[in-house]
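The values are calculated or read from the model by the stated rules, or taken from the named source; none is laboratory data. Because the structure is a prediction, the values reported are computed rather than measured. As a convention, Cβ positions derive from the backbone with ideal geometry for all residues, glycine included, and neighbour counts pool all protein chains shown.
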Amino acid sequence: MLHIVCCVKQVPDSREIRIDPKTNTLIRQGVPAIANFYDMHGLEEALRIKDQYGARITVVCMGPPPAEKTLKQCISLGADEAVLVTDRRFAGADTLATSYVLAKAIQKIGEEWGPVDLVFCGKQTLDGDTGQVGPGIACRLDLEQLTYVEKVVGIDLEKRTITVHRHLEDGVEVVETRLPALLTALKELNKVRRASMPGMLRAARFKPVIWTVDDFPDMDKKQIGLKGSPTIVAKTWVPEQKPVNGEVVKDQSPQEAAAFLADRLWSTDLPDKLGWNQQSEEVSA
């Protein structure tokens, strides 16, 4: 049976995020916390693999104690086990330190519950928005990594390979690689299911496994938290919102509307900025 680990993170609801104008830092107090939705697409794909091939799913989260709520949500959807890696000494971790801790946690999961065949991460988190943690984990664990996955074609259990579609800027790449592997999930990968009533009842009673720094005897304290985070945020700010006047085009034929919009466009400074020439455009048209 496959053993799949899903990395999830509890993040501030991006619709409620505010920035302190004095400190230029995020105001987290009073901001609702939610599961990072890219991570949930990774979990959903793990659940689909479980339905089709059979698998045991372990969810791991690095975060403060309230992140237990996100782990319970994962259990309600069908995950089998959940681990919360939490310690004040992890606070202030950047992506380098975070990938180090999560890699150590995945190693420990493999030692305690059997070798890990697949690791799922979201392509990025809503708060950090870097997309660095998944690849960082893969590098630390020497795993094959498949980023920006939009479709899992299938798994060959005998050959121990997985085939996926990767979304690239100029098309789609079809890749087959051997297991174990790490995948980062796009939202296009699937539609996340709703929790069932039995799942919600199980989640209500569920208590995740709690690991702290002390549960990792070989963890290098210089590589965690602020000490292990070379990243420096020089400045954060809220972009100025400028009012924009709009105009509705209606009661015109498509040809008339197109001509009207073209006239409006050429009356602005945008064509000059883009290096357009109206005469050449008219000839080419």
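Remarks
- Taken over the range 80-106, the criterion of being among the polar types (S, T, N, Q) and under 18 Å from the mean Cα position of the chain (by Cα) is satisfied by 95, 98, 99.
- Residue among 79, 138 that alone is in a loop (DSSP other than H, G, I, E, B) and surrounded by 21 or more Cβ atoms within 10 Å (Cβ to Cβ): 79
- Some residue of the range 97-111 being without any contact (Cβ under 8 Å) to a residue 12 or more places away in the chain, assigned to a helix (DSSP H, G or I) and out of contact with any strand residue (DSSP E or B) (no Cβ under 9 Å at 6 or more places or on another chain): yes
- Cβ-Cβ under 8 Å pairs, at least 6 apart or on other chains, the range 184-205 side within 12 Å of residue 75 (Cα to Cα), far side among the basic types (Lys, Arg): 203/72; 204/72
- Residue match in the range 79-93 (condition: out of contact with any Cys (no Cβ under 8 Å at 6 or more places or on another chain), of a type outside the set (Phe, Trp, Tyr) and under 20 Å from residue 189 (Cβ atoms)): no
- Pairs are defined by a Cβ separation below 6 Å, a sequence spacing of at least 6 or placement on different chains, a first member in the range 229-256 that is under 30 Å from residue 16 (Cα atoms) and aliphatic (A, V, I, L, M), and a second member that is modelled with pLDDT under 80 and assigned to a loop (DSSP other than H, G, I, E, B); no pair meets this definition.
- Selection status of residue 60, β-branched (Val, Ile, Thr), out of contact with any Ser or Thr (no Cβ under 9 Å at 6 or more places or on another chain) and in a loop (DSSP other than H, G, I, E, B): no
- The set of residues in the range 33-55 that are part of a loop (DSSP other than H, G, I, E, B) and within 19 Å of the chain's Cα centre (by Cα) contains only 36.
- If only residues of the range 148-179 that are part of a loop (DSSP other than H, G, I, E, B) and more than 20 Å from the chain's Cα centre (by Cα) are counted, the one that is modelled with the lowest pLDDT is 170.
- From the options 251, 263, 215, 272, residue that is touching a Lys or Arg at 6+ places or on another chain (Cβ under 9 Å) and either charged (D, E, K, R) or more than 30 Å from residue 78 (Cβ to Cβ) (or both): 215
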